[in-house]
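**Q** My questions will all concern the structure given below.
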Amino acid sequence: MNATGDGVGVDGQVLARMRTLSARPPQSLVLEGGTAPERVAAALAWARTVNCGQKGCGTCGVCRQIEEHVFRDLIVVDKAFFEEDPKTPNTDKIRALLPVWGQPPHGEGSRVTIFVEAQDLHPAIANLLLKTLEEPRPGNVFVLLAPQRERLLQTLVSRSFVLTLPWPQAGQAEPDAQDWVRAMLHFWDTGQGWFERTGNKGAADRPLALRILALCQAELAQALMLGASAPTAIAKRLAKLGPAGLRRFDLVLAAAQDALNQPTVMPALVLDWMATSMMPGVIPAAPVPRPKAPAHRA
Ligand SMILES: [Zn+2]
């Protein structure tokens, strides 16, 4: 593990792959796996690798500027980027970057544009990005961060090199989220014990709901990759959903994530919707409904 400025480590093997890749940096790199902060840390490590004379020493001026997001050949498209000027539509903010991407970088390395949580980009912006990647942009490289590549437009992924960070270890640092996910699986099997949890006033706040969601995504990835030989009990249970059920769970998680991004939606309602959408009786091939209007709670 290599510590970075904000205390989030980047996996040693990932750093080694980045050093190899940097000999001919792919125009677009997808970073999946890990947690959201780990993906950002890895993207910054990639920016250091392609810009620092020593492939990311961590101590030179370039490396430090990248760590502090003040490097002139670094663009971070995140929540703060979109929220900075509320009057300009988000698509216009991305369009304003097109002439920048048409220019070579200021320095010796590559201009790195990082799209944080790219699965949440508006479809119009994702399409703009796709058009951008269809043209050569000398000296410019793009990084798309997402929990899993399946959450991005397939056409974006197919134009990218994908690096997978270690999946978050179940049971590490998130015992509360684990407890909730186990309760949800128990509810699927028995129909019991769920609403008592979410009905507890204040029991499920937004940060907890997001942790539950992140854990579900990590376990889902394990279930998809390893099936019945997945290492955790949760992933093993998810694998029993079968390919169609897992795909459905992925859609349910994506819709729940969208709902949680809306500050007016109550986290407990989203969790209820998540749990009930996957109940055995509910599974018939219905499209995944939006969780905006969940069933009335008792
Ligand atoms: Zn350096």
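The values are calculated or read from the model by the stated rules, or taken from the named source; none is laboratory data. Since the structure is predicted, the reported quantities are computational estimates derived from the model, not experimental observations. Ideal geometry is used to build each Cβ from the backbone, glycine not excepted, and the neighbour counts take in all protein chains shown.
**Q** Those residues that are among the hydroxyl-bearing types (Ser, Thr, Tyr) and without any contact (Cβ under 8 Å) to a residue 40 or more places away in the chain, I need them from region 212-240; list them, please.
**A** Of the residues in region 212-240, the ones among the hydroxyl-bearing types (Ser, Thr, Tyr) are 229, 232.
Matches in region 212-240: Ser229 only.
**Q** Still on this structure: Among the numbered criteria (1) at pLDDT below 90; (2) among the hydroxyl-bearing types (Ser, Thr, Tyr); (3) closer than 30 Å to Pro123 by Cα, which single criterion is violated by Ser160?
**A** Condition (1) is where Ser160 drops out.
**Q** Kindly establish whether Asn140 is more than 16 Å from the ligand (Cβ to nearest atom), of a type outside the set (Gly, Ala, Ser) and either buried (at least 20 other Cβ atoms within 10 Å of the Cβ) or farther than 30 Å from Ala259 by Cα (or both). Break it down into steps so the answer makes sense when it comes.
**A** Details: more than 16 Å from the ligand (Cβ to nearest atom): yes; of a type outside the set (Gly, Ala, Ser): yes; either buried (at least 20 other Cβ atoms within 10 Å of the Cβ) or farther than 30 Å from Ala259 by Cα (or both): yes.
Considered against the rule, which asks whether it is more than 16 Å from the ligand (Cβ to nearest atom), of a type outside the set (Gly, Ala, Ser) and either buried (at least 20 other Cβ atoms within 10 Å of the Cβ) or farther than 30 Å from Ala259 by Cα (or both), Asn140 comes out as yes.
Every residue, every condition in (1) assigned by TED's automatic domain parsing to the domain that holds Leu153; (2) more than 21 Å from Arg39 (Cα to Cα); (3) out of contact with any Lys or Arg (no Cβ under 9 Å at 6 or more places or on another chain), yes or no:
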{"residue": "Asn90", "(1), (2), (3)": "yes, yes, yes"}
{"residue": "Arg95", "(1), (2), (3)": "yes, yes, yes"}
{"residue": "Gln103", "(1), (2), (3)": "yes, yes, no"}
{"residue": "Phe115", "(1), (2), (3)": "yes, no, yes"}
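**Q** Something else: Being surrounded by 15 or more Cβ atoms within 10 Å (Cβ to Cβ) and of a type in the set (Val, Ile, Thr) is the filter; apply it to region 55-69 and report the residue that is nearest to the ligand (Cβ to nearest atom).
**A** Selected residue: Val62.
**Q** For the structure I just gave you, tell me whether Pro37 is free of Cβ contacts under 8 Å to residues at least 40 places away in the same chain and within 19 Å of the chain's Cα centre (by Cα).
**A** On the way: free of Cβ contacts under 8 Å to residues at least 40 places away in the same chain: yes; within 19 Å of the chain's Cα centre (by Cα): yes.
For Pro37, the condition - free of Cβ contacts under 8 Å to residues at least 40 places away in the same chain and within 19 Å of the chain's Cα centre (by Cα) - is met.
**Q** Restricting to region 14-30, and then to whatever is outside any loop (DSSP other than H, G, I, E, B) and within 16 Å of the ligand (Cβ to nearest atom), can you tell me which residue is surrounded by the most Cβ atoms within 10 Å (Cβ to Cβ)?
**A** Taking region 14-30 and keeping what is outside any loop (DSSP other than H, G, I, E, B), we get 14-21, 28-30.
Then keep just the ones that are within 16 Å of the ligand (Cβ to nearest atom); that gives 15, 18-19.
On the way: Leu15: 19, Met18: 23, Arg19: 14.
So, considering only residues that are outside any loop (DSSP other than H, G, I, E, B) and within 16 Å of the ligand (Cβ to nearest atom), the one surrounded by the most Cβ atoms within 10 Å (Cβ to Cβ) is Met18.
**Q** Name, by its number, the condition in (1) modelled with pLDDT under 95; (2) within 16 Å of the ligand (Cβ to nearest atom) that does not hold for Gly33.
**A** Gly33 satisfies every listed condition except (2).
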